[in-house]
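Notes follow once the structure below has been shown.
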Amino acid sequence: MKPPPPSPTVALVTLGCARNEVDSEELAARLAADGFSVVADPSRASAVLVNTCGFVAAAKKDSVDTLLAAADLKRRGATRAVVAVGCLAERYGTDLAAALPEADAVLSFDDYPEIADRVHAALAGLAHRTHTARDRRRLLPITPVARQSAAVVVPGHRVADPDLPAGLPPASGPRPVRRRLDNGPVAPLKLASGCDRRCTFCAIPAFRGSFVSRSPADVVADARWLAGQGVRELLCVSENSTSYGKDLGDLRLLETLLPQLAALEGIERVRVSYLQPAEMRPGLVAAIAQTPGVAAYFDLSFQHAAAEVLRRMRRFGDADRFLGLLDSIRGLAPQAGVRSNVIVGFPGETEADLVVLTDFLAAAELDAVGVFGYSDEEGTEAAAMSGKLDEDEITARVAEVSSLVEELVDQRAARRHGEQLSVLVEEVHGTQGEGRAAHQGPEVDGSTRLRNLPPGTRVGDLLSVVVGESRGVDLVADVVGATAETGTRGAA
């Protein structure tokens, strides 16, 4: 009797944000349920799926370069099929397929439920009829509360699928359409997808669609499953977390969800990302700043501080309002971490506007700031605006603000010397280690190097430390005990 043929193998390469990580794990679970073996090394895979990013020019270039690298593996016989998924594929559809014939298939979000069939077809050399790009906002009702019943594919939202084999873990209860692609102690947890805001510089709503919340039951079930997989910190993600629940009839739903997530067995810390300053309400500020087990961490998308620039961006607020929000946060949690991004060189930005921005940054005392130079994105309102600055001027302004930000975040880190913080351990090397305090988000906000680790320290432990040094945004700290033992769970 002949042995059964080996299972086809597939590797997923994920680019872009943490939301894409959730989507990749959904695809991995669906593929595994249909008999694929998921491997980490693209050179050892029958098929390579590249989960692309379609946000800005640099991210799009990275996505294309990664697809071309996978195509080179195919030319050398290391893999047999290259498949493009994710935001770039959704946003450009047939245009991407025509520009990149090296990809065997360019798939839409609508293909995700049948991803295994699509990959099997690519491996068989069958041509795929690529979708024509469309505005996904038009697929859902205008009224938010009418969206939950709409039959539209929203990546990363399903928790249980009755068609998945019963053998997938857990053996009882809802089976997640998700398969972890790493074994780290931190994992993204999707709250919602899409966005109803109409920022003039942003194309994301057009290809991600209108705002749709996951039900609290689905979010909690996903979180409980992640805890069972060894996750100790949940990173709550969406395009706009402050809007969570508005389509479920309760705009304050996040305030009640966070304590439920923090109370789950095995979860040490919950972090919320992607907060809109104009939508921050006192109850949400208090829930993030004061709920035990929730990081006092505020990822606030300011984008600018000059009122006129913000209006042209179709955003709300100004420097005084933003500083007032920061005062309210620090009044509740003095050690709270705050990060943001700003866009420099937006159409119509004057020298006076730039001064408003730099004065705001100096007063705000932010822990981390991403500085981006404006560039046109096709299909956005800003691309057709007057008052464009030339590229050299934008580059000069980015350099000026970036230099200031580097100095300011260094000063902010230095002011943490002597603070007692809780650090989640992510690496252990003998008596040394590395982790992140509550004010340090994954990958973007620096880390904390740990000295004198106690014997037996493991990845995923939450330790109480005292900061002794800083090196840029990174901290160096001495361990003083296990946080759970000192009763400071949820501290900054």
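The values are calculated or read from the model by the stated rules, or taken from the named source; none is laboratory data. Since this is a predicted model, take the numbers as computed values, not measurements. Cβ sites come from the backbone with ideal geometry, for glycine too, and all protein chains shown count toward neighbours. Just so you know, the surface numbers come from the protein's heavy atoms only, side chains and all, with ligands and any DNA or RNA stripped out. Shrake-Rupley method; radii C 1.70, N 1.55, O 1.52, S 1.80 Å.
Listed by first and then second residue, the pairs linking a residue in the stretch 409-423 that is under 20 Å from Thr358 (Cα atoms) to a residue that is of a type in the set (Asp, Glu), with Cβ atoms under 6 Å apart and 6 or more places separating them unless they lie on different chains, are Arg412/Glu365; Arg412/Asp367. Under the condition of being buried (at least 18 other Cβ atoms within 10 Å of the Cβ) and either of a type in the set (D, E, K, R) or within 15 Å of Ala28 (Cα to Cα) (or both), the residues counted in the stretch 53-73 number 1.
Just one residue in the set Glu427, Glu400 is surrounded by fewer than 16 Cβ atoms within 10 Å (Cβ to Cβ) and in contact with a helix residue (DSSP H, G or I) (Cβ under 8 Å, 6 or more places away or on another chain); that residue is Glu400.
The residue list Ala166, Ala127, Ala133 contains one member that is modelled with pLDDT under 95, more than 30 Å from Ala223 (Cα to Cα) and out of contact with any Lys or Arg (no Cβ under 7 Å at 6 or more places or on another chain), which is Ala127. Residue count for the stretch 26-57 under the criterion of being without any contact (Cβ under 8 Å) to a residue 60 or more places away in the chain and in contact with a Ser or Thr (Cβ under 9 Å, 6 or more places away or on another chain): the result is 11. Does Ser7 satisfy the criteria of being more than 27 Å from Leu189 (Cα to Cα), at pLDDT below 95, of a type in the set (S, T, N, Q) and in contact with a strand residue (DSSP E or B) (Cβ under 9 Å, 6 or more places away or on another chain)? Against the criterion (more than 27 Å from Leu189 (Cα to Cα), at pLDDT below 95, of a type in the set (S, T, N, Q) and in contact with a strand residue (DSSP E or B) (Cβ under 9 Å, 6 or more places away or on another chain)), Ser7 qualifies.
The set of residues in the stretch 118-139 being free of Cβ contacts under 8 Å to residues at least 60 places away in the same chain, in a helix (DSSP H, G or I) and not hydrophobic (A, V, I, L, M, F, W, C) consists of Arg118, Arg138. All of (1) basic (Lys, Arg); (2) buried (at least 23 other Cβ atoms within 10 Å of the Cβ); (3) out of contact with any Gly (no Cβ under 9 Å at 6 or more places or on another chain) hold for Arg179 with one exception: (2). For the stretch 95-135, the candidate set comprises residues that are under 20 Å from Asp65 (Cα atoms) and out of contact with any strand residue (DSSP E or B) (no Cβ under 8 Å at 6 or more places or on another chain); within that set, the residue that is surrounded by the most Cβ atoms within 10 Å (Cβ to Cβ) is Ser108.
Among the candidates Gly460, Gly446, Gly472, Gly456, which residue alone is more than 28 Å from the chain's Cα centre (by Cα) and on the phi > 0 side of the Ramachandran plot? The conditions single out Gly456. In the set (1) more than 27 Å from Val409 (Cα to Cα); (2) surrounded by 13 or more Cβ atoms within 10 Å (Cβ to Cβ); (3) modelled with pLDDT of 95 or more, the condition left unmet by Glu377 is number (3). Can you find even one residue in the stretch 188-195 that is surrounded by fewer than 23 Cβ atoms within 10 Å (Cβ to Cβ) and either within 25 Å of Gln440 (Cβ to Cβ) or in contact (Cβ under 8 Å) with a residue 60 or more places away in the chain (or both)? No, every residue in the stretch 188-195 fails to be surrounded by fewer than 23 Cβ atoms within 10 Å (Cβ to Cβ) and either within 25 Å of Gln440 (Cβ to Cβ) or in contact (Cβ under 8 Å) with a residue 60 or more places away in the chain (or both). Residues that are open to solvent by less than 10 Å² (accessible area, probe 1.4 Å) and in contact with an Asp or Glu (Cβ under 6 Å, 6 or more places away or on another chain) were ranked within the stretch 305-325; the one that is farthest from Val355 (Cα to Cα) is Val309. The set of residues from the stretch 90-137 being in contact with a helix residue (DSSP H, G or I) (Cβ under 7 Å, 6 or more places away or on another chain) and among the β-branched types (Val, Ile, Thr) comprises Val106, Ile115, Val119, Thr130, Thr132. Checking each residue in the stretch 188-215 for being β-branched (Val, Ile, Thr) and not in a loop (DSSP other than H, G, I, E, B) picks out Ile204, Val212.
Checking every residue in the stretch 291-302 against the condition of being open to solvent by 10 Å² or more (accessible area, probe 1.4 Å) and without any contact (Cβ under 8 Å) to a residue 60 or more places away in the chain gives at least one match. Exactly one residue among Leu31, Leu12 is in contact with a strand residue (DSSP E or B) (Cβ under 6 Å, 6 or more places away or on another chain), on the phi < 0 side of the Ramachandran plot and not in a helix (DSSP H, G or I), and that residue is Leu12.
Cβ separations smaller than 7 Å between residues 6+ apart or across chains give no pair from the stretch 435-461 residues that are under 26 Å from Gln290 (Cα atoms) to residues that are open to solvent by 40 Å² or more (accessible area, probe 1.4 Å) and of a type in the set (Phe, Trp, Tyr). Out of Val356, Val371, Val405, one residue alone is in contact with a helix residue (DSSP H, G or I) (Cβ under 7 Å, 6 or more places away or on another chain), closer than 30 Å to Glu233 by Cα and open to solvent by 20 Å² or more (accessible area, probe 1.4 Å). It is Val371.
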